[in-house]
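Novice: Here it is: the structure, laid out below.
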Amino acid sequence: MRCIVAGSGSDIVKELTARLLLDGWEVEGTSGRSITVPLETWDVLIVAQGSLEPIGKFFDCPAESWWDSVCVNAMFPLLCVRQAWPRRNPGATVVFIGGPNLKHPTPTYTAYRAGKAVIHALVETLGAEYPDTKFRLFHPGTVKTKIHYQTINAGARAGNFQRVMGIVNGIEKTVSHDQVYEKFKALIRE
């Protein structure tokens, strides 16, 4: 089985890649800001581009930075899917890293939320348009990764600064990479 990764710099994806390789998968990937993917056939495409920045209230964030973030979180992943699409194997699965829970507000992360909301909105539609391919949102849970340092660097601009400090300092319970991998395997079996 072959997995292509768009956004291989993510800590979650690095750990998924290591475990997939141990399970005998072939895995190829590109960095987070790239809109190109390896020109290989694939069974699973993981789309993991993402950035929390700019962090701050909507009108306090520079418009250009805000728009760039929406593109990184929504348009880049969709462009990667378009590019990889012709090389999918029958019954292939596209897995988008889901981002925030859209049932609850995420103050100070409006660009990140807007970008991921686009992905959330399209997964069902893409599945209806292309029933021969599975489109999935993957919500790994709260995992201790380097992306939290974007919040720490934002300091008081981040609405959840104290919570993230608890995550980074091991005070708040997080999901292990082994648990993430088990959830991922269950998701692609659905």
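Bear in mind these aren't lab numbers, they're just calculated from the coordinates by the rules spelled out. Bear in mind the structure is a predicted one, so any value in this text is a computation, not a measurement. Cβ placement follows ideal geometry from the backbone for every residue including glycine, while neighbour counts extend to all protein chains displayed.
Novice: With a cut-off of 19 Å, note down the residues of the range 104-125 whose backbone N falls inside the zone around a label point 7 Å from the Cα of A63 toward its beta carbon.
Specialist: 110-112, 114-115
Novice: Sticking with this one: Sort 105-112, 147-154, 83-90 by the packing proxy (mean of other Cβ within 10 Å over each peptide's residues), most packed first. Mind showing how you got there, number by number?
Specialist: Values: 105-112: 20.4, 147-154: 17.1, 83-90: 14.8.
Top to bottom by mean Cβ count within 10 Å: 105-112, 147-154, 83-90.
Novice: Would you mind calculating the gained length between Y149 and E26 on full extension (0.36 nm times residue separation, minus the Cα-Cα distance), in nm to one decimal?
Specialist: Numbers: separation 123, 0.36 × 123 = 44.28 nm, distance 3.06 nm.
Taking 0.36 nm per residue and subtracting the Cα distance, the gain is 41.2 nm.
Novice: Could I ask something else about it? Kindly put I35, I171, I46 in sequence by how many other C-beta atoms sit within 10 Å of each C-beta, fewest to most.
Specialist: I171, I35, I46
Novice: Moving on to the next point. Can you count the Lys pairs in the chain with C-alpha separation below 19 Å, eight or more apart or on different chains?
Specialist: Qualifying lysine pairs in the chain: 15.
Novice: Quick check on the exposure proxy: order L39, L45 from fewest to most C-beta atoms within 10 angstrom.
Specialist: On the way: L39 11, L45 26.
So the ranking, lowest neighbour count to highest, is L39, L45.
Novice: Additional query: Using DSSP to define loop residues, name the trypsin sites (Lys or Arg not before Pro) in the range 116-153 whose beta-carbon has at most 15 other beta-carbon atoms within 10 Å. Before the final figure, lay out each step's value.
Specialist: On the way: sites: K116, K134, R136, K144, K146; in loops: K144, K146.
Those satisfying the criteria are K146.
Novice: Quick one: check the C-alpha center-to-center distance for the range 140-175 versus the range 1-72, whole angstrom.
Specialist: Going from one Cα centre to the other spans 19 Å.
Novice: Further question on the same structure: Kindly provide the helix-only [θ] at 222 nm of the chain, computed as the sum of -39,500 (n - 2.57) over DSSP H runs of four or more divided by all residues, to the nearest 500 deg cm²/dmol? Don't jump to the answer; show the numbers that get you there.
Specialist: Details: 7 runs with 77 residues, N = 190.
Mean residue ellipticity, 222 nm, calculated: -12500 deg cm²/dmol.
Novice: Before anything else, pin down the relative contact order of the chain: Cα pairs under 8 Å, at least 6 apart, normalised by residue count, whole percent. Don't jump to the answer; show the numbers that get you there.
Specialist: On the way: 336 pairs, mean separation 41.3, N = 190.
Value for the chain: 22 percent.
Novice: Obtain the nm distance between the two label points defined at T125 and T36 by a simple spin-label model: each point lies 7 Å from its Cα along the Cα-to-C-beta direction.
Specialist: 2.9
Novice: So, one more: Just to check, using Stokes-Einstein with a Kirkwood Rh over alpha carbon pairs, what's the diffusion coefficient of the range 1-91 at 25 °C and 0.890 mPa s in µm²/s?
Specialist: Numbers: Rh = 13.9 Å.
Reported coefficient: 176 µm²/s.
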